[in-house]
Amino acid sequence: MIPVKVDQLFLSNMGFVVLLKGSADERSLPIFIGKAEAQAIALRVNGVKIPRPLTHDLLKNMLDYLECRLMRIEICDLKDGTFYANLVLERDGAPTALDCRPSDAIALALRCGSPIFVSRGVMDEAGRVFDQTQSEAGPAAPAPPAGEKASAKKLTALETLTKALEKAIAEERYEDAARLRDDINHLKESHKGN
């Protein structure tokens, strides 16, 4: 297993991508994730305090209440273009592995301060080396389907939330839009205090 950290979170023309990178390996592992998970990761990476727990915060609180420790997460397999991960938990000295989506596992690991690992096989199959030009402008996403042009842009937490808000309004998901508006206001307030 290769220890990695969340290096970047960005939006490509194909969706949100989290980039995992190890300190002793020049390769990075790009994983496409959903917007809710991207928001959860962005909020934590940027140290944004929110007044009420989101889903991953709730899960961490439940683990704490049950005196169960998240020892690590492992991105352990890649089948048919889908990544698989395990939460490795410990309770009463007994380790247990639970199947989990990598995006949820990463969001939870960030909240628990737990290490993130990628299997060598997965890194060998899907890891990429990004050149200096790509890293200055944000890494390129994995190759898009034939005929599509790739484009990527690093987003701050505020930009991520703003784009999600615009999409929620366009799709007339007003409850989601109200929640995102509140998250944006909390993020702006937290930056005023810094």
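No other residue among THR82, THR96 is without any contact (Cβ under 8 Å) to a residue 12 or more places away in the chain, within 22 Å of SER119 (Cα to Cα) and in contact with a strand residue (DSSP E or B) (Cβ under 7 Å, 6 or more places away or on another chain) apart from THR96.
Could you look through region 111-128, keep only residues that are in a helix (DSSP H, G or I) and out of contact with any strand residue (DSSP E or B) (no Cβ under 7 Å at 6 or more places or on another chain), and pick out the one that is surrounded by the most Cβ atoms within 10 Å (Cβ to Cβ)? Result: ARG111.
For GLU67, the conditions (1) under 27 Å from ASP176 (Cβ atoms); (2) at pLDDT 90 or above all hold with the exception of (1).
Cβ-Cβ contacts under 9 Å between residues 6 or more apart (or on different chains), taken from a first residue in region 103-119 that is in contact (Cβ under 8 Å) with a residue 24 or more places away in the chain to a second residue that is of a type in the set (Phe, Trp, Tyr) and not in a loop (DSSP other than H, G, I, E, B), are listed as SER103/PHE16; SER103/PHE32; SER103/PHE83. Condition check for LEU29 on (1) at pLDDT 85 or above; (2) under 18 Å from GLY127 (Cβ atoms); (3) surrounded by fewer than 20 Cβ atoms within 10 Å (Cβ to Cβ): one failure, at (3). Is it true that ALA126 is among the aliphatic types (A, V, I, L, M) and at pLDDT 95 or above? Here the answer is no, as ALA126 does not meet what is asked.
The number of residues in region 79-115 that are out of contact with any helix residue (DSSP H, G or I) (no Cβ under 8 Å at 6 or more places or on another chain) and of a type in the set (Gly, Ala, Ser) comes to 7. What number of residues within region 137-186 satisfy the criterion of being surrounded by 17 or more Cβ atoms within 10 Å (Cβ to Cβ), modelled with pLDDT under 50 and farther than 21 Å from LEU29 by Cα? Residues flagged as surrounded by 17 or more Cβ atoms within 10 Å (Cβ to Cβ), modelled with pLDDT under 50 and farther than 21 Å from LEU29 by Cα within region 137-186 amount to 0. Scanning region 104-129 for residues that are closer than 16 Å to THR82 by Cβ and of a type in the set (Val, Ile, Thr) turns up ILE106, VAL118, VAL122.
Reported count of residues in region 43-79, each being closer than 23 Å to GLU125 by Cα, touching a residue at least 24 places away in the same chain (Cβ under 8 Å) and basic (Lys, Arg), is 1. Here CYS76 meets the list (1) modelled with pLDDT under 90; (2) in contact with a helix residue (DSSP H, G or I) (Cβ under 9 Å, 6 or more places away or on another chain); (3) surrounded by fewer than 21 Cβ atoms within 10 Å (Cβ to Cβ); (4) under 29 Å from VAL129 (Cβ atoms) almost entirely, failing just condition (1).
The values are calculated or read from the model by the stated rules, or taken from the named source; none is laboratory data. Everything quoted here is computed from the prediction, not taken from an experiment. In this analysis, Cβ positions are derived from the backbone assuming ideal geometry, glycine residues included, and neighbour counts consider all displayed protein chains.
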